[in-house]
1. I'd like to check one number: the per residue accessible area of the stretch 708-778, probe 1.4 Å, reported in Å² as a whole number.
2. Determine the relative contact order of the stretch 180-285: mean sequence separation of Cα pairs under 8 Å and six or more apart, normalised by residue count, in whole percent.
3. In percent, what relative contact order does the stretch 692-737 have, based on Cα pairs under 8 Å that are 6 or more apart in sequence?
4. Give the accessible area for residue 271 in Å² (nearest 10); use a 1.4 Å probe, count only protein heavy atoms, and leave out ligands, DNA and RNA.
5. Mind checking the dipole of the stretch 23-182: about its Cα centre, +1 per Lys or Arg Cβ, -1 per Asp or Glu Cβ, Debye to the nearest 20?
6. As I understand it, the value is the acute angle between the Cα axis of helix 359-376 and the longest principal axis of the Cα atoms of the chain; what does it come to in degrees, rounded to 10?
7. Got a sec? What order do 114, 285, 621 fall in by accessible area at 1.4 Å, biggest, i.e. largest, first?
8. Could you give the nm distance between label points at residue 707 and residue 13, where each point is 7 Å from its Cα heading toward the beta carbon?
Amino acid sequence: MLAIVLYAAATLVLIAVWRRFVMPVGRTAAIVLILLPLCFTGRALLTGRVYAPIDLPFLSEPLNNYAKEYGVEKPYHPGLSDLYMQMMPWQSAVRQALAKGEWPVWNPYLLCGTILAANMQAAPYDAVQLLGLLLPHAQALTFGAAFTFFLCALFTFAFVRLLGCSELAALIAAAGYTFCALLALFVAWPLGRIWVFLPLVFLGVRLVVRETNVRAAVLLTLGLVLVVFAGHPESVLHIVFAGSIYGLYEVIVTKRPRTIALAALCGVLALLLTAIALLPFFFVTPHTMEYHFRRDAYATAAFDVPPAVVGHRAASSLFPFAGGRLENGGNAPRWDAYPMRVGSVVLALALLSLLYRRRDTWFFVGFFLFMALAGLNAWPVGDLLHALPLFDIALNERLGFAAVFAVCVLAAFAVDGLKPILRLAHVAIVGGLAVALTVGAMLLRDSEIRSGVDPSIIASLTLAELLPLVALGAVLFFRLDARWILALILVQRVWEDGSMYPSLPEKAFYPTIPVFQYLQDDPATPFRVVGMHYAMVPDTAALYGLEDPRGYEAMTFRRLHDTYPLWSRPMPVSYNVVEDRSKSFLSFLNVKYAIGSLEQEPDEQWKLVLQDRYHRLFENTRVVPRAFVPRYVRYERSDEAVMRGMRLADDFAETAWIAVPQYPAHRINNGPGTLVTRRDGLAYEIDATMDLDGWVVLSDTKWPGWRAYIDGKRVETHYANHAFIGVFVPKGKHHLRVVFHPEAFTRGRNITLVTILGLVVFFALRRYRLKQPRAVRV
């Protein structure tokens, strides 16, 4: 129950701060805003369950055989797989780093070590994740979803109130945007969390243009900082783009172009405050496989989205059954993750807003049309964006969030503009929408059934669209209290998308089973472990503090990816699969254990060390230590020559490859030498006794940021075996320290800290001056 306590405390404090320093919030509105997220997360939050797909790890070995013991019947929503394969492992790595007193810059648990904070989506500086550190990880997931919904509701409410709407209209807009299909799905992703700050950015932009004071600058800067720290770089671009469009509109309307300078200053301050996150990200990006794919393939490809794809996304934005349902094992042959669905009630209200003359209406209509075309990847907007720098490497369909936000703002305008004299027009528009949706559902129904969608699901979700819409018509015709509209929106959104996430018992959160217990008890660390085929799906090893060379990352080290064929089978999407444990490169990667099925047998290299009811655990008798001195070194002039040589090798303990362009290709004896290695946080402390000069090789990926020191003096590191760390150590006894300490991080951290200090001094001096009595002229 700790999650509900933290949620209550955090929401009450934030409401109090908001009322004190930003704008008033009525008591009733505050209560509604706090309770609103419970429409989706209430069961989990109030009963101590987990609002997250923690059932999905039970899809594969070794957990699959224990599913019933932990209250997992069958996978609920496979579309949430990124959460258990990426987000939760990243969060766990951040937690473990902070628990050790380390900055969360390195993730040792996957891909032979990889970046953590620099991948951005680990989001170690995200405000919601930092609050969640007060809870156990499982409970933090429930709190994070609920508090994300709350932030979305509060900021949407505040912006709509700033536009001059009533509290009820603002609550209706808040309910619509908070529970739109995009946020209902992506609430636990950095992608979802970042878009809850769009209304805050809009609020800051409007205040900067219209008030041009310190409060406005603080809110805009805060909004931009929260956007960056939320951890989704593409969406930072999209939100700044959307905010700039709105800011340009405000400048034109108010005729105050000078305020652009203040907005730019807010942007600069936000960049300085978030340098700790941005500098490492920009520094490592060119070294990633994803960057090269986006730049060399995606950006240069013709942007040709088939009309059928555009049409299907448009259909799924109107009809919740389009594409099928993944929840609870439902069939979803054409499921779309990016529908701009907000429900027929909000859509009807947005159409009604066109009846009233309000200057803001036409801006938000145009804004919606532009962003909706972007969300659909439709011509001409989709093509235009793909031709622009930065947008050409981004997935611009995510601008659909902005389109949904615009619809919700328009809905609020309609609620405040309702006039009894126009009630027949209201009913006509609502009735016309109901007829259009009915006809569209009938036309779409047969094709969905033929694709495998359950007819009962189609019927239920069609009713979810139509019945609340009919009820809205009755509310408008009989001039009932507009609070019924809010109720109809909540009923519809819960009906359609309220079951997106499961609510599962906390005991199912990555339980420790015998095979994991054996690995955790092994004192001979560090070592790595793999699951054969699809066992122990990456990156779940992080939840157990184990290290797995496989992985599924947002930013994959390009050089490591080049080595995949030497030891695994690369997958076009998701992680790489180990199918042959006899590969010599696995021994080089310090893979000491392999988890296999009962059908797999031990051999000369891999001995059986544990067998339970379902699995076998094998130990590699030829495992190479994390740091070692190879018997030979092969110098090559190019990376291509290194890869050619490694493809022909069968013993990576014997030979290591070093690319040195200035040397002719040749092989030399190396060392010999002995090493005593221990890991100390982000560093390897190695006592080396070298009989002769030689190379020490470490099987950690050599991302930019590794430093080496011999007897306290910094020395150069080199690429060994194409992607790993090589350090040349002279003859004799030496202490070698190899540590991950990227300069981009230290510089970014220093810029952030100095900026914070500067702002503290500025506001302290400002407060002091305001308190000083003014001289009175006689």
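1. Ligands and nucleic acids excluded, the figure is 69 Å² per residue.
2. Working: 103 pairs, mean separation 32.7, N = 106.
So the answer I get is 31 percent.
3. Values: 75 pairs, mean separation 22.5, N = 46.
About 49 percent, as a whole number.
4. Accessible surface of residue 271 is approximately 100 Å².
5. Values: 8 positive and 8 negative charges, 68 e Å.
Dipole size: approximately 320 debye.
6. 40
7. Details: 114 0, 285 25, 621 75 Å².
Descending order: 621, 285, 114.
8. About 3.5 nm, to one decimal.
The values are calculated or read from the model by the stated rules, or taken from the named source; none is laboratory data. Owing to the predicted nature of the structure, the values given are computational and were not obtained by experimental measurement. Methodologically, a virtual Cβ is constructed for each residue, glycine included, from the backbone with ideal geometry; neighbour enumeration extends over all protein chains shown. Each accessible area value is taken on the protein alone, full model and side chains, heavy atoms only, with ligands, DNA and RNA left out. Shrake-Rupley method; radii C 1.70, N 1.55, O 1.52, S 1.80 Å.
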